[in-house]
Amino acid sequence: MFKLGFIINPIAGIGGSVALKGSDGDGIAEQALALGATAKANLRASLALSILAPYRDNIIVYCANDLMGEITAQALGFKTQVVFQTNNAEHTTAEDTENTVKALLAEHVDILLFAGGDGTARNVCKIVGDKFPVLGIPAGCKIHSGVYAVTPKAAGRVVEMMLTNQLVTLTEADVMDIDESLFREGIVKAKRYGEMQIPAELRYVQAVKSGGKELDELVLQDIAAHVINEMDDELFVIGSGSTTAFLMEELALDNTLLGVDLVEQQSLIASDVTESQLWQAISLAKADKKTIKLVITLIGGQGHIFGRGNQQLSPRVIRAIGKDNILIIATKAKLTALASRPLIADTGDSDLDIELSGYLPVITGYNDQVLYPVASPQ
C-alpha cells in the first residue's frame, strides 16, 4: 500500500479575494470571512487528490481530522487514517500543521502532500527539514517557495508518477516567505527559511519566484507607453506586479504593488480593491456601456497570469471583462526565462481556464507584441 501523507491548511489564501494579501496573522482569517471571503484550500487540495482517484484501492491517506484532510480524502473515496486531531479545524494554527507533520513522520509515509501557501511551507519545513520528500499544492496568496507544484492537478500527477513506478528524481528546493505585515503595505521582503526535498519533475514543479527590479527600464517605458496610448474612456483594471507598477509610475499614479487598482481617463479612481468592489465597478461601467480592460503581467520564473496573488480577479470578473480585453505585459527577457513553458491560467474555474488557453498577444514594447501560449492547469 502507498502511504500518502496529506495536510490541508483550510484557511490558506482566504484573504486573497478581499485584498488582505494572505491569511497569516492574528485575526486575519476572521477579518477575511467577515468581508465575505470563502475558503478554497480544500477545493484545490481535492483537485490534486482527484488525479489519484483511479489508484485509491492501493493508497491509504494519512491525515488530520475534518477540514485538515480527512473530509476531502473521504469524499473522493480514499481510505483514511487520522493521525492528529485539531480542536478547531475551521481556524487551524501553525502548531496544528506542525503537530500533524510530526505524526505523519512517525507513520513513515511515502511522501507528504500539503495544501497551503508559503506560511504552510515554513511550518512543514520546520519539522521536516530536507530529510523527507514533500510536495506542495498551491492554495495560498503567496507562493514564492520552490516546493510547490505549478497547479493542484500537477501535484497529483507527480504523485501519480510515483504510484506507477516511474523514475522520479529528488532535488532540494528553497522555502521562501515574506513579511505579510509589510506585504499589506506594498513592500516585498522575502527571506529564505530552509529547503526541502521535492520530486524534480520540472514540467510540474514551479521555479522559485523571480524577484528584483527590471534592469532595462527603457523596455518597461516602451511597454508603459504602448498601454497609455490605448487609454481612452475605458475603465482600466490594473493587476499586481512590478511590471504593472512601472506603468502606474509612468502615469504618475499611486500604485498598490500587490493589489488591484482602477484607472479611468488616466486618473486613479480606486486603490487596492476587493473582488466585490471590483465586481461592482465593472457592473457600473457596463451599465454605462463602457469597455473594461484588464492589464496583467506574469509571475517571473513561474508564468502564472491568474491564480497567484490576484484572487480579486475572480472567474466572474474575468468573464465580465472578456478575453479580448485582457492586456498581458511583460519583457521578452521575462518570457525567455520561462524556457518555452506556457503561461498558466489557474482561475479556479476549469471551463474558464480552457477558454483562456491558446495563444495570446503579450505586449513586449511600444507597438511590439508576441504571441505566447497560455495553458490551463495540468
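The values are calculated or read from the model by the stated rules, or taken from the named source; none is laboratory data. Treat the numbers as computed from the prediction; the structure is a model and nothing was measured. For neighbour counting, all protein chains shown are included, and Cβ atoms are generated from backbone atoms with ideal geometry for every residue, glycine included.
Where residues in segment 286-337 are within 20 Å of residue 365 (Cβ to Cβ) and polar (S, T, N, Q), which of them is surrounded by the fewest Cβ atoms within 10 Å (Cβ to Cβ)? Selected residue: 336. Scanning segment 315-361 for residues that are closer than 29 Å to residue 43 by Cα, in a helix (DSSP H, G or I) and polar (S, T, N, Q) turns up 325, 350. Each residue in segment 72-93 was checked for being at pLDDT below 95 and not polar (S, T, N, Q), and 3 pass. For residue 333, the requirement of being assigned by TED's automatic domain parsing to the domain that holds residue 236, of a type in the set (Gly, Ala, Ser) and under 22 Å from residue 292 (Cα atoms) is not met.
Given the residues 60, 28, 7, which is the only one that is at pLDDT 95 or above, within 30 Å of residue 275 (Cβ to Cβ) and either crowded, with 17+ Cβ neighbours inside 10 Å or hydrophobic (A, V, I, L, M, F, W, C) (or both)?
Within the list 60, 28, 7, the selection yields 7.
Across segment 53-64, the qualifying residues are those that are assigned to a helix (DSSP H, G or I) and touching a residue at least 60 places away in the same chain (Cβ under 8 Å), and the one among them that is farthest from residue 116 (Cα to Cα) is 58. Note on segment 65-112: among residues that are of a type in the set (A, V, I, L, M) and not in a helix (DSSP H, G or I), the one that is farthest from residue 163 (Cα to Cα) is 89.
The set of residues from segment 314-370 being at pLDDT 90 or above and of a type in the set (Lys, Arg) comprises 316, 319, 323. Could you tell me whether any residue of segment 245-263 is under 21 Å from the mean Cα position of the chain (by Cα) and assigned to a helix (DSSP H, G or I)? Taking every residue of segment 245-263 in turn, at least one turns out to be under 21 Å from the mean Cα position of the chain (by Cα) and assigned to a helix (DSSP H, G or I). For segment 91-104, filtering for residues that are in contact with a Leu (Cβ under 9 Å, 6 or more places away or on another chain) and either free of Cβ contacts under 8 Å to residues at least 40 places away in the same chain or under 16 Å from residue 174 (Cβ atoms) (or both) leaves 0. Within segment 275-303, the set of residues being part of a helix (DSSP H, G or I) and of a type in the set (Gly, Ala, Ser) comprises 276, 281, 283, 285, 287. In segment 120-131, the residues that are assigned by TED's automatic domain parsing to the domain that holds residue 45 reach residues that are of a type in the set (S, T, N, Q) and assigned to a helix (DSSP H, G or I) with C-beta atoms within less than 6 angstrom, at least six apart or across chains, in these pairs: 123/97.
Going by the structure shown, is residue 235 modelled with pLDDT of 80 or more, within 30 Å of residue 288 (Cβ to Cβ), of a type in the set (A, V, I, L, M, F, W, C) and more than 25 Å from the chain's Cα centre (by Cα)?
On the way: modelled with pLDDT of 80 or more: yes; within 30 Å of residue 288 (Cβ to Cβ): yes; of a type in the set (A, V, I, L, M, F, W, C): yes; more than 25 Å from the chain's Cα centre (by Cα): yes.
Here the answer is yes, as residue 235 does meet what is asked.
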